[in-house]
Amino acid sequence: MISIKNLTKVYHSDSGDVMALEGVNLHIRKGEIFGVIGLSGAGKSTLLRCINMLEKPTSGSVEIDGVEMTSLAPGDLKEMRKKIGMIFQHFNLLNYRNVRGNVAFPLEIAGLDKKAINQKVERLLELVGLSDKAESFPSQLSGGQKQRVGIARALANDPKVLLCDEATSALDPQTTLSILNLLKDINKKLGITMVIITHEMNVIKHICDSMAVIENSRVVEQGPLLEIFANPKTDTAKKFLNSITMSELPEELKDRIRSFSSYHMDGKIVKIGFFGNVTAEPIISTLVKKFDVDANILFGNVDHIQGTPYGTLVLELRGNNGSVDRAIEHLKNLGLKLEVI
Amino acid sequence: MNGTMNLLLVSTWQTVYMVFISVVIASIIGIPLGILLMITDKGQICKNQIVNAILGFAVNIFRSIPFVILLIVLIPFTRFLVGTSIGTTAAIVPLSIAAIPFMGRLTETSLREVDRGLIEAAQSMGASPIQIITKVLIPEALPSIASGVTIMTINLVGYSTMAGVIGGGGLGDLSVRYGYQRFMPDIMLYTVLILLAMVQLIQMLGDFVAKQLSKNR
């Protein structure tokens, strides 16, 4: 659906050239929610703006639905943009218009007649759950409501693609969740391809099917979400994942764990990272029954991503005559990522 | 007393007439000028460095000429335009010309205050520059532009007091010729009081309009 090849963007300024994107290749499939994560300044916002040509790429190609965006004539670009919705971190609603007027805005631009606009606005407001706020002005709305208006507005011209620029970064966690759920709903209902730019791994975890990690103007890793979660290759990806999986324990926590168990010199502390169905097995009771070791849970977290459980568990294992070692061997054979602390 | 009253009424009317017509002309030309200044600047929707540089230079020239000199310099132009270079109507020409670049800069500043994100959002929807100007920039900046018109109007009241140089009349002329040259302090006082009330009224009206326009925002 969206195919980005060798995309490079250089900003020229008086103090020299700044490379914002360097040789970026991305492939985004039709109907999927694609997340791009990166620290601020990594180039993710520029990448998003290169998709609808708000930023003109210095070189490379951006193809949407078979249309090469970089070489479109101004008139054709305007037509194409009507099929690419965009929502923003700070919503960018027109202050002089009420909710109805804001949602009608892109339809006016597209040249629809009044009656058609009115009908469409009603439907869109219903879709985002704001029918009762049609006459309110942006200043009277909460952040979450403003973003709902932004979403309704972005969907007005039945886009094939929705670009989300840090769409939840200005919202509190609860509102973020409701907006993400709305986006997921819309993706399912309307089959719109979505590209989401964020610095929060939680956003990616919650709704994305695939993801890319961007660092220092380059895409360093990309693929299906489950694959990257199960097997991150780059340090950057690992760091982002760690922000939600805790697979790397913070030093403080390690210290606490060590001090907590320092008087059990005969035991070993192991950290188990798991991903997928292996968690369905009764690991701990197996250890206890089969290997005759005592397992004490020192730390643990479990979460789900696309229905797949993943998490980290820190166990203190105690036993005699090498039973602890045998137990560790067993866990390794189960395909668990295991580390003795 | 009747004579004084008459003088004051005529002069007040002359001032109101000069200022009002000049405000209308300066707004009609100055606001589009401000829009041009803003949209042709670097990084804006119709960036055009040549047009921007020429307009900016012209505006700066007219703004740097003291008004009392402009009054005289423009005499041939005024004669060409209205057929005469003296009188109240003739004074409208230099007043408007002084106010146009001022209004242009005020409008430019107002438009610059419109959140860039709004322009970007409109562009992302496929809006043309004309649509961005008429549906985003102007309506978003309207309260601020209205405040600009207020400032310009009060400025023009001040400028209009110099219209006497080309026989334009008005309250300023009255206070100089009668209040100062004929030693009539009461006339001086009345003209100042009338001007004071006029400025006060314009400001109140301007504030009211700006407030009405920014309702709900």
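Worth a mention:
- Qualifying residue in the stretch B:118-136 (condition: under 20 Å from the mean Cα position of the chain (by Cα) and either within 25 Å of residue B:67 (Cα to Cα) or assigned to a helix (DSSP H, G or I) (or both)): no
- Of residues in the stretch B:103-114 being out of contact with any Leu (no Cβ under 9 Å at 6 or more places or on another chain) and in a helix (DSSP H, G or I), the one nearest to the other protein chains (Cβ to nearest Cβ): B:112
- Any hit, the stretch A:168-176, residues being in contact with a strand residue (DSSP E or B) (Cβ under 9 Å, 6 or more places away or on another chain) and either at pLDDT 95 or above or in the same structural domain as residue A:124 (by TED's automatic domain parsing) (or both): yes
Listed here are the residues, each with its yes/no results for (1) touching a Gly at 6+ places or on another chain (Cβ under 6 Å); (2) of a type in the set (Phe, Trp, Tyr); (3) on the phi > 0 side of the Ramachandran plot.
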residue	(1), (2), (3)
B:151	no, no, no
B:159	no, yes, no
B:168	no, no, no
B:173	yes, no, no
B:179	no, no, no
B:185	no, no, no
B:197	no, no, no
B:204	no, no, no
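- Failed condition for residue A:122, given (1) more than 8 Å from every other protein chain (Cβ to nearest Cβ); (2) closer than 27 Å to residue A:53 by Cα; (3) not aliphatic (A, V, I, L, M): (2)
- Boolean, residue B:169 is at pLDDT below 95, surrounded by 16 or more Cβ atoms within 10 Å (Cβ to Cβ) and not in a helix (DSSP H, G or I): yes
- Any hit, the stretch A:188-200, residues being away from every other protein chain (no Cβ under 14 Å), under 27 Å from residue A:334 (Cα atoms), in a loop (DSSP other than H, G, I, E, B) and open to solvent by 10 Å² or more (accessible area, probe 1.4 Å): no
- Residues considered: B:107, B:88. Of these, the only one that is at pLDDT below 95 and either open to solvent by less than 70 Å² (accessible area, probe 1.4 Å) or over 25 Å from residue A:83 (Cβ atoms) (or both) is B:88.
- Residue that is nearest to residue A:172 (Cα to Cα) [pool: residues in the stretch A:97-112 that are within 9 Å of chain B (Cβ to nearest Cβ) and in a loop (DSSP other than H, G, I, E, B)]: A:98
- Here residue B:139 does not fit the description of being buried (at least 21 other Cβ atoms within 10 Å of the Cβ), modelled with pLDDT of 95 or more and either part of a helix (DSSP H, G or I) or within 14 Å of chain A (Cβ to nearest Cβ) (or both).
- A single member of A:84, A:117 is at negative phi, more than 10 Å from chain B (Cβ to nearest Cβ) and surrounded by 14 or more Cβ atoms within 10 Å (Cβ to Cβ), and it is A:117.
- Filter pass, residue B:152 being in a helix (DSSP H, G or I), more than 14 Å from chain A (Cβ to nearest Cβ) and open to solvent by less than 60 Å² (accessible area, probe 1.4 Å): yes
- Within the stretch A:309-324, the set of residues being out of contact with any strand residue (DSSP E or B) (no Cβ under 7 Å at 6 or more places or on another chain) and in contact (Cβ under 8 Å) with a residue 40 or more places away in the chain comprises A:320 only.
- Qualifying residue in the stretch A:219-232 (condition: in contact (Cβ under 8 Å) with a residue 24 or more places away in the chain, assigned to a loop (DSSP other than H, G, I, E, B) and open to solvent by 10 Å² or more (accessible area, probe 1.4 Å)): no
- Enumeration of residues in the stretch B:27-52 that are part of a helix (DSSP H, G or I), open to solvent by less than 60 Å² (accessible area, probe 1.4 Å) and either farther than 16 Å from residue B:112 by Cα or in contact (Cβ under 8 Å) with a residue 24 or more places away in the chain (or both): B:27, B:30, B:31, B:33, B:34, B:35, B:37, B:38, B:39, B:51
- Selected residue [open to solvent by less than 50 Å² (accessible area, probe 1.4 Å) and not aliphatic (A, V, I, L, M)] from A:101, A:66, A:111: A:101
- Exclusive hit being open to solvent by less than 50 Å² (accessible area, probe 1.4 Å), within 7 Å of chain A (Cβ to nearest Cβ) and in contact with an Asp or Glu (Cβ under 8 Å, 6 or more places away or on another chain), set B:117, B:126: B:126
- Any chance residue A:135 is part of a loop (DSSP other than H, G, I, E, B), farther than 19 Å from residue A:163 by Cβ and at pLDDT 95 or above: yes
- Any chance residue A:94 is within 11 Å of chain B (Cβ to nearest Cβ), open to solvent by less than 10 Å² (accessible area, probe 1.4 Å) and over 25 Å from residue A:189 (Cβ atoms): yes
- Of the residues making up the stretch A:161-199, those that are more than 24 Å from residue A:94 (Cα to Cα) and not polar (S, T, N, Q) number 10.
- Among residues of the stretch A:1-54, those that are within 19 Å of the chain's Cα centre (by Cα), crowded, with 20+ Cβ neighbours inside 10 Å and farther than 30 Å from residue A:189 by Cα, counted: 3
The values are calculated or read from the model by the stated rules, or taken from the named source; none is laboratory data. Since this is a predicted model, take the numbers as computed values, not measurements. When we count neighbours, we look across all protein chains shown, and the Cβ atoms used for this are built from the backbone with ideal geometry, even at glycine. Calculation scope for accessible area: heavy atoms of the full protein, side chains included, ligands and nucleic acids excluded. Shrake-Rupley method; radii C 1.70, N 1.55, O 1.52, S 1.80 Å.
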